[in-house]
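Below you'll find the structure I mean.
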Amino acid sequence: MGRMKDKLINYLPAILLFAALIAAWQAAVTFGGLRPYLLPSPASVIEAMFDPTIRWWGHIWATGIAILGAFLLAALSGVFLGCLVAWSPVINRALMPFLVFLNTLPKVAIAPLFLIWVGYGIFPNILMGALIGFFPVVINTAVGLSQIDHDMIDLGRVFSAPKWKVFLKIRIPNAYPYILSALKVTATSAVVGAIVGEFVASQHGLGYVIVTSQSSMNTALAFAALIYISLIGLVLFAAVGLLSRLLAPWAEGNEA
């Protein structure tokens with residue numbers, strides 16, 4: 001009970017901030033004379049969130065699968081590439097310029113190419129989200145594998161441990177905080193990438209809802225879709241935070 005109370009106290013500033021923003025939003029609508037297509041009221045947005053004529057669960061499911069797939073693909077590929085970069089200086093020199101080049105490409109311009117290569121559906125949205133989110137995982141994994149106490153490496157050598165075993169038992173656990181910090185960034189990047197993919201070409205998902213709401217000037221519907229997108233992102237971010245507390249409770253900021 002006391003732990004739950006402490007958590008509520010920790011989240012109280014965020015709750016108060018959200019409450020103040022909603023109050024300011026309502027005041028702007030009430031006293032600012034803004035038209036609904038410019039800024040709908042909070043009540044109209046909540047009403048749109050539960051509009052039975054919109055297949056919300058289908059759209060939430062499609063976007064959620066795209067975001068989760070993008071996150072997992074970015075996490076797995078990023079950790080794998082980061083391990084390759086840290087394993088061999090030759091691979092590092094060969095791979096890093098290509099990864100930097102890939103990361104600097106305009107992602108919105110690449111989305112139509114994904115449609116040509118793999119067709120329509122959820123998979124292009126997963127690829128787009130993974131492309132946006134994998135680079136921080138690569139960099140943080142490589143840094144975490146490199147930033148290690150050399151006494152630990154020497155201890156492994158004293159016991160005649162092979163390089164792969166030192167890598168697996170010493171370097172990778174040491175890199176947990178770095179990897180998990182990057183995954184928190186990737187959790188938000190995957191959301192952005194998946195929605196960008198739905199903007200380009202999709203017939204399902206919350207991004208599709210936002211695009212279709214523009215033709216009818218139904219701004220409340222677009223706001224409702226944005227709230228659902230944010231909730232999915234918050235759930236994913238919280239899941240990464242929980243994983244961080246389980247795998248690296250010693251890392252700074254994981255004690256709460």
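The values are calculated or read from the model by the stated rules, or taken from the named source; none is laboratory data. Please read these numbers as outputs of a predicted model, since none were measured by experiment. Every residue, glycine as well, gets a Cβ built from its backbone with ideal geometry; the counts of neighbours run over all protein chains shown. In case anyone asks, the SASA skips ligands and DNA or RNA and just uses the protein heavy atoms, side chains included. Shrake-Rupley method; radii C 1.70, N 1.55, O 1.52, S 1.80 Å.
Assuming 0.36 nm per residue, please report the length gained on full extension of the stretch Leu72 to Val118 beyond their Cα-Cα distance.
Answer, rounded to one decimal: 14.7 nm.
Helix-derived [θ] at 222 nm for the chain: sum -39500 (n - 2.57) over DSSP H runs of at least 4, divide by residue count, nearest 500?
-27500 deg cm²/dmol
Further, regarding this structure: Based on Cβ point charges of +1 for Lys and Arg and -1 for Asp and Glu, what charge dipole magnitude is obtained for the chain about its Cα centre, in debye rounded to the nearest 20? Walk me through the numbers before you get to the answer.
Details: 14 positive and 9 negative charges, 84 e Å.
The calculation lands at about 400 debye.
Before I look further, what does the range 58-99 give for accessible area per residue, probe 1.4 Å, in whole square angstrom?
49 Å²
Among Ala222, Pro124, Pro136, which residue has its Cα positioned farthest towards the positive end of the charge dipole of the chain, with +1 placed on the Cβ of Lys and Arg, -1 on the Cβ of Asp and Glu, and the dipole taken about the Cα centre?
Checked the options; the winner is Pro136.
Further question: How much length is gained if the chain between Tyr37 and Gln203 is pulled fully straight, taking 0.36 nm per residue apart and subtracting their Cα-Cα distance, in nm to one decimal?
Extending this stretch completely gives an extra 57.4 nm.
For a quick check, take a GNM of the chain with Cα springs below 10 Å and name the residue from Pro13, Pro112, Pro89 with the largest mean-square fluctuation.
Pro13
Could you count how many Lys pairs in the chain have their Cα atoms under 28 Å apart, skipping same-chain pairs fewer than 8 positions apart?
Lysine pairs meeting both conditions in the chain amount to 5.
A follow-up question, please. Using a Gaussian network for the chain with springs between C-alpha atoms less than 10 Å apart, which of these wobbles most: Ala220, Ala190, Ala109?
With Cα springs under 10 Å in the chain, the top fluctuation among Ala220, Ala190, Ala109 is at Ala109.
Ratio of alpha-carbon Rg to the 2.2 N^0.38 Å globular estimate for the range 27-116, to two decimals, please.
Values: Rg = 22.0 Å, N = 90, 2.2 N^0.38 = 12.2 Å.
Dividing the Cα Rg of the range 27-116 by 2.2 N^0.38 Å gives 1.81.
Report Rg(Cα)/(2.2 N^0.38 Å) for the chain, keeping two decimals.
That ratio works out to 1.22.
Say each of Leu105 and Ile227 gets a label point 7 Å from the Cα, pointing the same way as Cα to Cβ; how far apart are those two points in nm?
Reported label-point gap for Leu105 and Ile227 is 3.8 nm.
Taking 7 Å along the Cα-to-C-beta vector as the label spot, tell me the Leu84-Trp250 distance in nanometres, rounded to one decimal.
The answer from the label model is 3.0 nm.
Can you pull the one-decimal nm distance between simple spin-label points at Met49 and Phe18, each 7 Å off the Cα toward Cβ?
0.8 nm
Which of Arg245, Arg93, Arg171 moves most in a GNM of the chain, Cα contacts under 10 Å?
Arg93
Which percent of the accessible area of the range 41-247 is formed by carbon and sulfur heavy atoms (probe 1.4 angstrom)?
So the carbon and sulfur contribution to the accessible surface is 72 percent.
Quote the FRET efficiency, to the nearest 0.05, computed for Gln214 versus Ala94 with a Förster distance R0 of 45 Å and r equal to the Cβ-Cβ distance.
Details: r = 45 Å, r/R0 = 1.00.
E(calc), rounded to 0.05, equals 0.50.
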